[in-house]
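Here's the structure, in structure tokens; my notes come after.
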Amino acid sequence: MAIKDTIDGIKNLAVGMENLELISKLIDLQSQAYEILDENRELRLELERFKRQDELASYLSYEEDVYYRKDDNSGPYCSRCWDVGNMLVRLPISEHVDGWKGLCKECKSWGHVPEHRIPKK
Ligand SMILES: [Zn+2]
């Protein structure tokens, strides 16, 4: 039986007893129980996000300055954004005098593209 069902049952008994103080305390208890249930729901969602991030981290391969996904070979992704905020931000790459680089549109940092990842012309 869920906590709100239990409280509703006790509240119905209190109403039958016409004890206003008890009814008032039960309404307070019901409100506190709803707050705990909401907080519990939010914590479960947060835990689920952490689990997903952990799983995603196991798919990432750090190569020079950037990350690539091992499962679908996509990337490069910004290493700073992932390391600091667990955000997987794709880096548009372009050729420069000192090699290929990806620029993060989120944090504006650069990452060198590894030699074997440079697109063939
Ligand atoms: Zn970034």
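Using the 1.4 Å probe convention, the accessible area of the range 36-77 works out to 76 Å² per residue with neighbouring protein chains retained.
Across the accessible surface of the range 64-117, with the other protein chains kept in place and a 1.4 Å probe, carbon and sulfur atoms take up 46 percent. The charge dipole of the range 64-117, taken about its Cα centre with unit charges on the Cβ of Lys, Arg, Asp and Glu (plus for the first two, minus for the last two), comes to roughly 200 debye. Give the residue list of trypsin sites (Lys or Arg not before Pro) in the range 40-114 that are DSSP loop and have at most 16 other beta-carbon atoms within 10 angstrom. Sites meeting the loop and neighbour criteria: Lys70, Lys105, Lys108. Placing +1 on the Cβ of every Lys and Arg and -1 on the Cβ of every Asp and Glu, with no other charges, gives the chain a dipole of roughly 660 debye about its Cα centre.
A viscosity of 0.692 mPa s and a temperature of 37 °C, combined with the Kirkwood radius over C-alpha pairs in the Stokes-Einstein formula, give the range 64-117 a diffusion coefficient of 298 µm²/s. Subtracting the Cα-Cα distance of Ile10 and Ser58 from 0.36 nm times their residue separation leaves 12.4 nm of extension gain. Evaluating kT/(6 pi eta Rh) at 25 °C and 0.890 mPa s, with the Kirkwood radius of the chain over Cα pairs in the Stokes-Einstein relation, gives 132 µm² s⁻¹. Under the convention that each Lys and Arg Cβ holds +1 and each Asp and Glu Cβ holds -1, the size of the dipole of the range 3-54 around its Cα centre is about 220 debye. Ignoring aspartates and glutamates fewer than eight residues from Lys11 along the same chain, the ones with Cα atoms less than 16 angstrom from its Cα are Glu21, Asp28. Once C-alpha pairs closer than 8 Å and six or more residues apart are averaged by separation and normalised to the residue number of the chain, the relative contact order reads 14 percent.
The values are calculated or read from the model by the stated rules, or taken from the named source; none is laboratory data. Every value quoted in this text rests on a predicted model; they were computed, and no experiment measured them. Neighbour counts run over all protein chains shown; Cβ positions are idealised from the backbone, glycine included. Heavy atoms of the whole protein, side chains included, go into the accessibility calculation; ligands, DNA and RNA do not. Shrake-Rupley method; radii C 1.70, N 1.55, O 1.52, S 1.80 Å.
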